[in-house]
Amino acid sequence: MSNTNSLKMDKPVPASLLDSGSQGIIGRPLDRKEGPLKVTGQATYSAEYQIPNLAYGYLVGTKFGRGKVTNVDADSVRAIPGVIDVVTDFKTFLQNSQQGGETSAPTQGVQDVHYFGEIVAIVLAESYEAARDAGIRIKVEYEEAEGRFDFEAHKDETTKPPPNNIPAHFKQGDVEKAMADAATSVDVTYTTPSQNSSAMEPHASIAVWDEDGALTLYGSYQMPTSDKTQLAKSLGVKDKKVRIIAPYIGGGFGSKLGIAPESVAAAVAAKQLGRPVKAVMTRPQVFETTVRRSNTEQRVRFSVDGEGKLTGVGHETLTSNLPGEGFFEPTGIGTHFAYSGENRLINHDLVELDWLLSGSMRAPGEAVGMMATEAALDELCHKLGVDPIDFWKQNEPSEDPEEKIPFSTRQLVRCLEEGAESFGWSKRNATPGQVRDGEWMIGMGVAAAVRTNMLMESSAKVAIDANGRATVSSAMTDIGTGSYTILGQIAGELLGLPLDQVSVVLGDTDLPDAAGSGGSWGAGSSGSAVYLACEMLREKLAKAMGCDPETLTLKDGQAIADNRQVSLGSLVGDGIEAIGSIAPGKMEKDRKQSSYGAHFVEVGVNATTGEVRVRRMLGVFAAGRILNAKTARSQCLGGMTFGIGAALTEDLVHDPRNGKLVNHDLGEYHVPVNADVPQIEVHFLEERDQFANPIHAKGIGELGISGCGAAIGNAVFNATGIRVRDYPITVDKLL
Ligand code: MOS
């Protein structure tokens, strides 16, 4: 008999066992299981493993934008005490390719360079200090080539990228005609700059090879199962020869979805040296050589008829990426289903630039897409003299406007209504520039939030041992989001165990495969895998009790049926285990699945200095079952904080002469600090989504950022009457 309980989501799962659990821990705001380990320094991050005979690697990046390295002069640094060697022969030259676009390296010491800062060598030494000293001083000779480094100069030379999550181009009806026939319309262009994920922990790897040619990599990665495959491919070894260990990850936000150059460099160097090698990126290297969110230029058009009904939506975006890379920032991904209107045009075109790779950063698509569409919608409402919430009520689509399929759940309008009530939206003066508090001009803004929900193939093992304790294990990760806790809660709820009787082991590719943490799919996907494993364990327990699974009650470590009560430990003998495995199916085609929300923001804009201060923020979200009210709230707080950064401060500046990032560290690239972030309120609406997965939960990690920046911009407009269409909204644009 198979020990795996598999489910492909071809049908809804109307009854979730989580609703009938007896333990009462699901949804509760329980503290993170691993929190004490983190605050006491006992959680080991990838750079912190104590490995004997370790050599320290320092990555060497180029100081030119495009061309060829002709010589890396190892002899120039060999005399530095402690220096061991310089390795340049990366078998596969790796462009941190999340999208799988590796290119082969030419012969040793000569490499094509695609962007400023690209890693071309790793210096190895007995100490980090020696490696760094040599890495800074090493002579790299090169031939520079012409490059394209200026978005403005090249934005007319576009290519149509291949599909990626969504088709690059989409057309329904005739937007031009809808615009021409419109009673009212807007046609506006918004821009957002390149951005960096700025995860607190820099990318770091320790590579250890054994005598059998197997590699163990301690790395900071979001998706170990697929990262293992990517790393194996880069090194030209079999998948099963690579193991990635990543139990703790200090944030990723997309930058650690795929492997980055430090892992390949460490692995190649360790092999060549015959010693374990550690490579930790400096903060500038994280900025220059991992991945950025692309800058965007977005033309947004909305047309309405005489009754104020949306008739057309246009959303055309230019983004940038390296030549040959297929990824584009899918700004229109939410536009496809958020807005009604029969006539639709949603296009993405790519400007090929010799800037570092662009890829995923928190809520790829909606995060910056809605900064344009929800601001343009605010412009439309202002023109119409209609409150945005009333506009939504009138124009809320009843089904997906393109695929003509029902929404699985959609509580967007309820989020807006409940938010308006709690925030005191009715006190807003819709005429801009009317409200003052001393030298501060006060304004309120609102924006809708949507974030596509995804289910990804994932598995997990759950075991109950002879002491009646459960252990959940999976190659899933916890990137600071609460995976350890929610997976423990799901198992605890279904097996009738308090959270402290459930161990959760994650972040190791020797454990059952999982899709990891990305795209807000982690909780729904891995949570479902744990659920399915526990469902099978409940059947086994019922069998051992000699009762139907339906009549079995599991609570506080006891199995209860027919007036009998047996402890789990004695029921399972030497122990039992099961594997749960979930896969997406027809439900993602039959129902449009997304999480929804509404952002309310009050800002003050200083009348003298133009400084913008966010005073109050409220996010109301509907995302299916909330598995843990505390970790879910923290996700939304983090997302909304990202929203503040995107709206007001974050702006990655590329030198138009060579693509060099002018502000490649946290001193110059401004993410919000505590003083920038007000008290944020987060509410969740009660919801279950039986079409999403058996736990009825949807993604939340990226919902909080989606739409948030627009609500801030809309509040700035309400405060000042100034509409800034070029994010971030800095002081100079308001004076
Ligand atoms: Mo996310 S941008 O898929 O970590």
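Tabulated results
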read-out	value
Subset of the stretch 472-484 [of a type in the set (A, V, I, L, M, F, W, C) and away from the ligand (no atom under 14 Å from the Cβ)]	V472, A475
Lone unmet requirement of (1) in contact with a Lys or Arg (Cβ under 9 Å, 6 or more places away or on another chain); (2) surrounded by 19 or more Cβ atoms within 10 Å (Cβ to Cβ); (3) over 28 Å from Y669 (Cα atoms) for L231	(1)
Entirely in the stretch 408-514, the strands (runs of 3 or more DSSP E) that have 2 or more residues that are closer than 25 Å to V368 by Cβ and at pLDDT 95 or above	440-452
Residues located in the stretch 543-585, provided they are among the basic types (K, R) and within 41 Å of the chain's Cα centre (by Cα)	K555
Cross-chain or 6+ apart pairs with Cβ under 6 Å, the stretch 361-376 first and closer than 21 Å to N321 by Cβ, then within 15 Å of the ligand (Cβ to nearest atom) and part of a helix (DSSP H, G or I)	R362/F642
Positions within the stretch 159-201 being farther than 30 Å from F391 by Cα and surrounded by 16 or more Cβ atoms within 10 Å (Cβ to Cβ), in sequence order	P161, N164, S194, Q195, N196, S197, S198, A199, E201
Answer from N674, N663 - the residue that is of a type outside the set (K, R) and in contact with a Leu (Cβ under 7 Å, 6 or more places away or on another chain)	N663
Odd one out for G699, checked against (1) more than 16 Å from the ligand (Cβ to nearest atom); (2) in contact with a Phe, Trp or Tyr (Cβ under 9 Å, 6 or more places away or on another chain); (3) small (G, A, S)	(1)
Evaluation of V351 against (1) buried (at least 19 other Cβ atoms within 10 Å of the Cβ); (2) part of a loop (DSSP other than H, G, I, E, B) (one fails), failing number	(2)
Some residue of the stretch 309-325 being in a loop (DSSP other than H, G, I, E, B), within 16 Å of the ligand (Cβ to nearest atom) and aliphatic (A, V, I, L, M)	no
Positions within the stretch 287-327 being among the β-branched types (V, I, T) and within 23 Å of T189 (Cβ to Cβ), in sequence order	T296, V300, V304, T311, V313, T317, T319
Residue match in the stretch 332-349 (condition: in the same structural domain as P397 (by TED's automatic domain parsing), farther than 30 Å from W209 by Cα, of a type in the set (V, I, T) and within 16 Å of the ligand (Cβ to nearest atom))	yes
Qualifying residue in the stretch 698-705 (condition: in contact (Cβ under 8 Å) with a residue 24 or more places away in the chain and among the charged types (D, E, K, R))	yes
Qualifying residue in the stretch 485-508 (condition: of a type in the set (G, A, S), within 16 Å of the ligand (Cβ to nearest atom), over 23 Å from S706 (Cα atoms) and crowded, with 24+ Cβ neighbours inside 10 Å)	yes
Residue within the stretch 585-595 that is closer than 30 Å to C415 by Cα, in contact with a helix residue (DSSP H, G or I) (Cβ under 7 Å, 6 or more places away or on another chain), within 16 Å of the ligand (Cβ to nearest atom) and modelled with pLDDT of 95 or more present	yes
Members of the stretch 265-279 that are buried (at least 24 other Cβ atoms within 10 Å of the Cβ) and not in a helix (DSSP H, G or I)	V277, K278, A279
Candidate set from the stretch 36-81 (those that are acidic (D, E) and over 26 Å from the mean Cα position of the chain (by Cα)); member that is farthest from F116 (Cα to Cα)	D75
Scan of the stretch 629-659 for residues that are surrounded by fewer than 21 Cβ atoms within 10 Å (Cβ to Cβ), part of a loop (DSSP other than H, G, I, E, B) and not acidic (D, E), ordered by number	T649, V653, P656, R657, N658
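Listed here are the residues, each with its yes/no results for (1) under 30 Å from H670 (Cα atoms); (2) outside the structural domain of E126 (by TED's automatic domain parsing); (3) touching a residue at least 40 places away in the same chain (Cβ under 8 Å); (4) within 18 Å of the chain's Cα centre (by Cα).
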site	(1), (2), (3), (4)
L217	no, no, yes, no
M223	yes, no, yes, yes
D239	no, no, no, no
R243	no, no, yes, no
G252	yes, no, yes, yes
K271	no, no, yes, no
V277	no, no, yes, no
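The values are calculated or read from the model by the stated rules, or taken from the named source; none is laboratory data. This one's a predicted model, so the numbers in the text were calculated from it and none came from an experiment. Note that we place each Cβ from the backbone using ideal geometry, even for glycine, and neighbour counts take in every protein chain shown.
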